[in-house]
Amino acid sequence: DTDPETLTPYHAQDAVSIAVLGAVHRGLLYFDKDLNFVPAAAEALPEVSDDGKTMTFKIREGAVYADGSPIVAADFVRAMRQLADPRLANPYGYIVCPIAGVDASLGADQGCGSEPTKKDNAAIDAALDKLGIEAPDEKTVVVHLTKAVSGYAMALFGTWLITPIKEEWIGPDGTLTEDAIVGGA
């Protein structure tokens, strides 16, 4: 009965937008009816390092956007960078605080770290370049955490916030362009 306020995942905070995004997007994981973690764009649950601070996801074959183009690991890196970018004023940016390096982009005033959030574009870009998420190849997403993997860290990848959007569908202000085709995984 109401249109969604936004279909940009990292900007969504209202129930209608979140419901629509959950219906048309999948991230690396999702929750089944019993709230268990289930692979979505990932081919399996992540491989976790012995110290519990590194999660490695492999993207499944056939993970595609609504236009049929493949979802690649760099799309998840970009999604995390956008969520951790203080210039975009994402209402749930703080949710990624457990990822290494986020405290350098989202400061104490954003719920992460102990220093204030940087205001200088060059400093923000440098901090985002050092986030603990990488794509060593098109099918692998590696996430470095500040603490050992917990249910919270796993749950990050089952939310609407960390869903991939094709780079050309994101405008300079971080919102979807008018020609974006929503959906995928």
Next on the checklist: Among (1) open to solvent by 80 Å² or more (accessible area, probe 1.4 Å); (2) free of Cβ contacts under 8 Å to residues at least 12 places away in the same chain, there is one condition S49 misses while meeting the rest; what is its number?
Outcome noted: (1)
Item to check | Matching residues in segment 90-117 - criterion: being of a type in the set (S, T, N, Q), open to solvent by less than 30 Å² (accessible area, probe 1.4 Å) and either modelled with pLDDT under 90 or within 16 Å of L161 (Cα to Cα) (or both) | outcome: N90, T117
Checklist entry - What tally of residues in segment 98-154 results from selecting those that are over 15 Å from the mean Cα position of the chain (by Cα), aliphatic (A, V, I, L, M), part of a loop (DSSP other than H, G, I, E, B) and over 20 Å from E43 (Cα atoms)? => result 1
Checklist outcome for this item: Counted residues in segment 1-44 being in contact (Cβ under 8 Å) with a residue 40 or more places away in the chain and open to solvent by 60 Å² or more (accessible area, probe 1.4 Å) come to 5
Checklist outcome for this item: Just one listed residue, out of D51, D85, D103, D75, is within 22 Å of D14 (Cα to Cα) and of a type in the set (D, E), and it is D85
Checklist entry - Among V16, V38, V24, which is at pLDDT 90 or above, under 28 Å from A135 (Cα atoms) and β-branched (V, I, T)? => result V38
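The values are calculated or read from the model by the stated rules, or taken from the named source; none is laboratory data. Everything numeric here is computed off the predicted structure, so don't read it as measured data. When we count neighbours, we look across all protein chains shown, and the Cβ atoms used for this are built from the backbone with ideal geometry, even at glycine. Note: accessible area is taken over every heavy atom of the protein model, side chains too, but ligands, DNA and RNA are not part of it. Shrake-Rupley method; radii C 1.70, N 1.55, O 1.52, S 1.80 Å.
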